[in-house]
1. For the list (1) surrounded by fewer than 19 Cβ atoms within 10 Å (Cβ to Cβ); (2) in contact with a strand residue (DSSP E or B) (Cβ under 7 Å, 6 or more places away or on another chain), I need the number of the one condition that Lys79 fails.
2. Could you check how many residues of region 157-197 are part of a loop (DSSP other than H, G, I, E, B) and either under 18 Å from Leu53 (Cα atoms) or touching a residue at least 40 places away in the same chain (Cβ under 8 Å) (or both)?
3. Which one of these is within 24 Å of Gly152 (Cβ to Cβ) and surrounded by fewer than 20 Cβ atoms within 10 Å (Cβ to Cβ): Thr73, Thr105, Thr110?
4. Right, Asp183: crowded, with 20+ Cβ neighbours inside 10 Å, closer than 27 Å to Glu96 by Cα and acidic (Asp, Glu) or not?
5. I'm trying to understand the selection: among the residues of region 78-121, which are acidic (Asp, Glu) and under 19 Å from the mean Cα position of the chain (by Cα)?
6. All but one of (1) in contact with a Gly (Cβ under 9 Å, 6 or more places away or on another chain); (2) at pLDDT below 95; (3) among the small types (Gly, Ala, Ser) hold for Ser46; state the number of the condition that does not hold.
7. Please go through region 281-290 and give me each residue that is surrounded by 12 or more Cβ atoms within 10 Å (Cβ to Cβ) and in a helix (DSSP H, G or I), ordered by number.
8. On the given criteria, is Gly57 surrounded by 21 or more Cβ atoms within 10 Å (Cβ to Cβ), under 21 Å from the mean Cα position of the chain (by Cα), of a type in the set (Gly, Ala, Ser) and under 15 Å from Val177 (Cα atoms)?
Amino acid sequence: MTNKTESMGSNLGWINECQTMANAIRRRVLGHTVEHGGYLTQACSSAEIFAFLYGHGMKLGPSLGPIKPPPFTGAPSAKNHQHVTGALYNGAKTKENDRFFLSPTHYAMTLYATLIEAGRLDAHGLDEFNADGSTVEMIGGEHSPGHETNGGSFGQTISQAAGVAWARKRKGDTGTVWIFLSDGECQEGQTWEAIMAMAFHKIDNVKIVVDVNGQQVDGRCEDVMMVDPLDAKFRAFGAEAVRVNGHDLQAIEEAFRTPHVGKPLVVVADTSPIRGIDLLQERWPNLHYVRFKNEADRERYRAKYQELMTNG
């Protein structure tokens, strides 16, 4: 799918394309989860966000990554010239092109599904998911398709991306640095240090989206440690912030057009972790990772997958 940053707002036809893409992302992740288990609710909540980024929002060059994911060739070093970076799937690092950083790397399967739907990865790109020696890691690393860095502990990627944006601004690059955060990461102090640093250094070539699905591994975010009101907090730390329905593609686009001279822009996107797959409601609030209790349970989700394949 062609990126259309330069025509944002000029043609609403992209909304149907991106919604179709979002539906396909959920469907593909559900299909994989039925067979193997996985991070399904993250795809439910973020599918529209990823479809917007790769289908309309980001300005990326053609993928330079192999259509079939390569095997892991080791960490980068002076002696390892075989090392590959997952950033290749986002195109060349030119002055004009955007860069993308996925912070919560357990969203990796959603990113891989997005790359497939965007034509940047083979349709069988998930076949080697979480296999020994594969780059298609369950928790994405810098060698995994679509990933530019290792995420490390939650809250660290935003600082890495801020450093890249700082350097790009001083080199005169015109491309934007995009960062995807989860709401649970807003419990990390480093997230807020990074926002303060970007505001202080007037790093305004950064656009951040936060998937506020209310879920984390230990339960509901509001029960572990309340982070709201996130939009007000981001503004208090020096960013420009807008809050939207994270399943409304036009609202997401309009939010990302908000002027933010001298500040990073944060779009706080409220989402549902059961969007499109109502069966998940019965698992509430334990939604972080989907496992099946027995084959009958799995079969119910397989039937849902077949329904989505039939009806779109």
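1. That leaves (2) as the condition not met.
2. Count: 5.
3. Being within 24 Å of Gly152 (Cβ to Cβ) and surrounded by fewer than 20 Cβ atoms within 10 Å (Cβ to Cβ) holds for just one of Thr73, Thr105, Thr110, which is Thr73.
4. In short, no.
5. Answer for region 78-121, where residues must be acidic (Asp, Glu) and under 19 Å from the mean Cα position of the chain (by Cα): Asp98, Glu117.
6. The number of the failed condition is (2).
7. The one that is surrounded by 12 or more Cβ atoms within 10 Å (Cβ to Cβ) and in a helix (DSSP H, G or I): Arg283.
8. yes
The values are calculated or read from the model by the stated rules, or taken from the named source; none is laboratory data. Note that the coordinates shown come from a computational prediction; the quantities given were computed from them, not determined experimentally. Glycine also receives a Cβ, built like all others from the backbone with ideal geometry; neighbour counts cover every protein chain displayed.
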